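The block underneath contains the structure these notes are about, expressed in structure tokens.
The values are calculated or read from the model by the stated rules, or taken from the named source; none is laboratory data. If you're wondering where the values come from, they're calculated on a predicted model, not measured in any experiment. Note: ideal-geometry Cβ built from the backbone for every residue, glycine included; neighbour counts use all protein chains shown.
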Amino acid sequence: MYIQPDNVQPATTKTLISQSFKKSKELFTTSLILTIPIFSIIFALMIYLYNFLAANEISISTIQDESFSGLSLFNSLLIVSVGAVIMFLLLMNNESERKDQIVFTLKKTVVLLPTVIAATIVYTTFVLIGVSLLLIPGLLLLAYLGFYTQALVFERKGILQSIFRSRDLVKGSFWKVFLLFVSVHLTISVIQITVLISVLMVVDYTNYVVILCLTLINAIIAPFIGTLFSLFYLNLRSRQEAFDYETYEQEKPYQLSS
């Protein structure tokens with residue numbers, strides 16, 4: 001269920017995906033207890049922020065072209081990041097009873113949340129700048145800087161340090177990481193759009209319906225995505241550094257301390 005020696009060594013993408021399915025399946029129920037309330041709060045805040053912007057005297061077209069697109073990207077990246085934080089903490093904390101594990105992960109996530117939000121704002125800004133220049137630079141930055149969450153959780157890096165730490169880790173494995181991030185975010189977007197359209201064909205649109213749909217979709221997906229990103233991070237470190245399971249076990253107690 002948790003991080004094991006074969007998770008902290010170079011492995012193929014196929015192997016990492018297989019390992020992620022197994023671990024996320026075992027932690028699925030536990031993760032839902034954490035992701036559903038946290039995601040629902042995030043989606044509720046973002047939707048009410050959209051409504052606030054739309055109610056302003058600012059031109060709706062301007063909002064949709066700039067603010068809405070930026071907020072949508074930020075929201076998507078934040079949800080993935082928070083899910084990754086939760087799953088990494090669950091994967092590391094293998095010495096507690098389930099109740100203690102949930103309480104610890106919740107407390108730790110709340111403590112890390114302001115830093116994760118700030119780092120995601122910076123990450124989103126870099127990606128938006130890249131997209132505004134040309135699409136390709138934005139996608140490159142999406143991949144190069146995307147493991148900042150794992151650096152925040154496991155290495156306790158600062159906001160900018162974690163982002164540049166991701167860049168260093170991805171060097172040498174760029175195309176593998178690029179395909180990972182593009183595939184993950186594209187898949188999440190397609191699933192969300194498909195489910196929302198299907199649901200809204202049956203029931204009337206309300207904020208509560210949208211919040212519920214988005215929360216459930218992402219809570220179901222988060223265990224696999226969060227686990228996959230965690231294992232990819234460990235894989236990248238094992239490829240580039242003198243980092244193995246023994247080193248992981250030596251560093252882990254510090255990361256799990258309050």
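Given the criteria farther than 15 Å from Arg237 by Cα and more than 14 Å from the chain's Cα centre (by Cα), does Leu142 qualify? It is false that Leu142 is farther than 15 Å from Arg237 by Cα and more than 14 Å from the chain's Cα centre (by Cα). Taken together, the residues in segment 170-185 that are under 17 Å from the mean Cα position of the chain (by Cα), farther than 13 Å from Tyr123 by Cβ and not β-branched (Val, Ile, Thr) amount to 4.
Screening the candidates Leu112, Leu133 for the property of being loosely packed, with under 15 Cβ neighbours inside 10 Å, of a type in the set (A, V, I, L, M, F, W, C) and farther than 16 Å from Phe164 by Cβ yields one hit, Leu133.
Gln240 - would you say it is in contact with a helix residue (DSSP H, G or I) (Cβ under 6 Å, 6 or more places away or on another chain) and either modelled with pLDDT under 95 or surrounded by 21 or more Cβ atoms within 10 Å (Cβ to Cβ) (or both)? No: the conditions fail for Gln240. Considering only segment 92-163, give the helices (runs of 4 or more DSSP H) lying wholly within it that have at least 3 residues that are under 16 Å from Lys252 (Cα atoms). Per the criteria, 98-133, 148-154. The residue pairs whose first member lies in segment 208-226 and is farther than 25 Å from Tyr148 by Cα, whose second member is surrounded by 20 or more Cβ atoms within 10 Å (Cβ to Cβ), and whose beta carbons are closer than 7 Å, counting only pairs six or more residues apart or on different chains, are Ile211/Phe43. For segment 99-113, the count of residues that are of a type outside the set (Val, Ile, Thr), at pLDDT below 85 and out of contact with any helix residue (DSSP H, G or I) (no Cβ under 6 Å at 6 or more places or on another chain) is zero.
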